[in-house]
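Just so you know, all these numbers are worked out from the coordinates, no wet-lab data involved. Owing to the predicted nature of the structure, the values given are computational and were not obtained by experimental measurement. Ideal geometry is used to build each Cβ from the backbone, glycine not excepted, and the neighbour counts take in all protein chains shown.
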Amino acid sequence: MPVLSRSVLMSAATLLCAALAVPAFSQTPQITAPPLRNRPQQQQLPPAEPRPQKPPAVMDPAGPTVGLEPSESLFDMAVALNACGYDNGLDESDPVRKRVRDEVNQAAEQSADARNARDQMCLFIAQHHLSSDSRDLAQYVSLALYLTPPPVLEPSVEDEDLPPDASAVEGILPSLRAFAKAIDLHVIWVTNRPSYEAAINKLHDPLTNMIVETNTYLKMPASTYGGKRFLVVIEPMLSPADVNARVYGTDYVVVVSPVNGTIRMQDVRHTYLHYEIEPLLYSKSSSMDRMLPILKTVREAPLDFNFRSDIVALTIECMIRAIEARTMDTGIAVYKIPDNIDRADLPKYEHLRSVSLQQIAAAREKAVQEAMAEGFVLTQYFYDQMIAFEKTPTGLKDSIGEMVYGMDVDRQVHRARDVTFNQEPQSTGDVVSRAPLTLHGLDLAEMKLMKGDADGAGKIAEQSLKDRTPDPGRANFILARVSLMKGDMETAQNDFTQAVKLSKDPRTMAWSHIYLGRIYDVQDERDQALAEYHDALNVRDGQQDTRLAAERGLKKPFELPHHDGAADGPAGSAPAGSGSAAAAPASATVPAPQ
């Protein structure tokens, strides 16, 4: 094995760090880290006093509890994405999308300033590309929801109050403002606003019916509490398949793209069920510690880390899936017995009706079993509870306590142990993403690292170790990446090794192994690198990007990227899909880009 000088190792470490993107906190469709109380086998620390979550600019404090509207700020951001190659779902989109794109292209062709601003905007977007198109889109939607109306287009809150994924792409705003001004985007918005209003008019009744039917099933009146709001924002410049549902404190926002007056109503309803059910279950979270043994049964399930570590989040999602199974449109009609039939023929018709009911029940039960196989192991329990619930006049608000407190936890643990989980996730996770409150501790360190503040991130991580953080593995994982940013591969290697030893989070462990494998590859120690990649796969964190990165390392040694000036973004971000660049998670709960 060749011996590498310290200067060579420092240079390699710096390039290795530049090849590894540091992503935003939120995803996709994913919910943020659970409270420490629900993390098994970890010491609980006194919680920091959180600052109140500030609502996004799109939320009108004086507006209705439930709303449906467009947003010019979101329109401007969506136009920017379309101008920079966002073509997802273009053929399936509402005609207004192509019309606006044509108008924007024509305006850009007539202005050198517009083209220059567009090029700067597109370069920024390319440099902040994440592991999937949905995560890419989510960070810009998150930022747009917090922007003041054009032409100002400034965040409506202080930087520390922005959701982390929004803060990660805040740098696009100067070029976005310049582009909007150069093409007179406000005029294009005003010209096409009638199409938005027409879509809202078409959606008003279906959305109202969904809410009424959902509340009727839950036997709960529509919420009238002014501090808890549900808003649907339409933006046809986005793909109809992309639904962004976000929770900001007590504000629930769903961004959808209508096509001829229709939207993915099942995803909107899923978010609305979160809106109605979450407050009921979170109010009982202090009494749900006895259900923690259930988390041990889903360690190998293909679930997001949040569901595998937070019993309240898992319970909420299981109840929602059960309600959706009970109320789903199976496509099977209940056989109606004809009028005025001969009495002797009644058994035959009753049999036909019974067969149709059995088919409907089988379709619903299939949905339950699919949810169980994904790891939502309490779905069957709540499905059975909802059958009983439907037969009583009591509303869910008064029934939910008995459902939770009356659960035989041991029985549910045994049932969960008998479930054969899917080997790979069958869905992209929950459609709802919860924005975290003001960052502190290791979450703040992750954000500083993402913004290139290695010294700030390192100080917080070191202090957390001195304060005996309940998650020392994550602290070492941060320190290792800080060392890579500073060109100290030797220290990074030691910290990644410590992260593997101390972390209980499969994602942190798996990516520590991947980093170690790449470091060994750079040092030309292929056998040890292969062992690390194998260890990463054996951790089985259930995430596709982890598996792909480890498998790529097994196929060929990691090579440091050759920079061409535009391929790599600031603070070590790199465009997804580049053959020489891979990524690691910014935290134990955040998916990593490729």
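Please tell me which of these pairs span more than 21 angstrom C-alpha to C-alpha: LYS296/LYS448; LYS296/LYS504; LYS219/LYS391; LYS504/LYS555; LYS459/LYS504; LYS466/LYS504? Could you put the intermediate results ahead of the total?
Values: LYS296/LYS448 33 Å; LYS296/LYS504 12 Å; LYS219/LYS391 12 Å; LYS504/LYS555 28 Å; LYS459/LYS504 23 Å; LYS466/LYS504 19 Å.
Result: LYS296/LYS448; LYS504/LYS555; LYS459/LYS504 exceed 21 Å.
Extension gain, ASN105 to GLN463, is 123.7 nm, computed as 0.36 nm per intervening residue step minus the present C-alpha separation. Multiplying the residue separation of LYS228 and THR392 by 0.36 nm and removing their Cα-Cα distance gives an extension gain of 56.3 nm.
Within region 336-364, list the residues whose amide N lies under 17 Å from a label point set 7 Å along Cα→Cβ of TYR217. Inside the label zone: 360-364.
Each Lys or Arg adds one and each Asp or Glu takes one away; over the other residues whose Cβ falls under 13 Å from the Cβ of ALA416, this sums to +1.
Just need the relative contact order of region 66-256 here, percent rounded to a whole number, with Cα pairs under 8 Å and 6+ apart. Across region 66-256, relative contact order equals 34 percent.
In straight-distance terms, cross-link reach from LYS486 covers every one of the aspartates and glutamates whose alpha-carbon lies under 15 Å from its own, apart from those fewer than eight places away in the same chain; here that gives ASP453, ASP455, ASP495.
If R0 equals 30 Å, the separation of the Cβ atoms of GLU300 and LEU357 corresponds to a calculated FRET efficiency of about 0.25.
If packing is taken as the average number of other Cβ atoms within 10 Å across a peptide's residues, how do 510-521, 240-251, 470-481 rank, most packed first? The partial results should precede the final answer.
Values: 510-521: 26.7, 240-251: 21.2, 470-481: 24.7.
Going from most to least packed, we get 510-521, 470-481, 240-251.
Net length available on complete extension from ASN538 to ARG526 is 2.5 nm, with 0.36 nm assigned per residue and the Cα-Cα distance removed.
Within the same chain, aspartates and glutamates fewer than 8 places from LYS348 are excluded, and of the rest, those with a Cα less than 15 Å from its Cα are ASP339. What the Cβ-Cβ distance of THR65 and GLU92 gives, at R0 = 30 Å and to the nearest 0.05, is a FRET efficiency of 0.40.
When you count the other C-beta atoms within 10 angstrom of each residue and take the mean per peptide, 172-181, 259-268, 406-415 line up highest first as 172-181, 259-268, 406-415. Using C-alpha pairs below 8 Å separated by at least 6 residues, the relative contact order for region 184-273 is 28 percent. How many angstrom lie between the C-alpha centres of region 355-425 and region 139-206? One Cα centre to the other: 41 Å. What is the calculated FRET efficiency for LYS336 to LYS556, with r their C-beta to C-beta distance and R₀ = 56 Å, to the nearest 0.05? Between LYS336 and LYS556 the formula returns 0.30.
Computed packing ranks the peptides 365-371, 164-170 as 164-170, 365-371, most packed first, by mean other Cβ atoms within 10 Å.
Here the ratio of the Cα radius of gyration of region 66-256 to 2.2 N^0.38 Å is 1.06.
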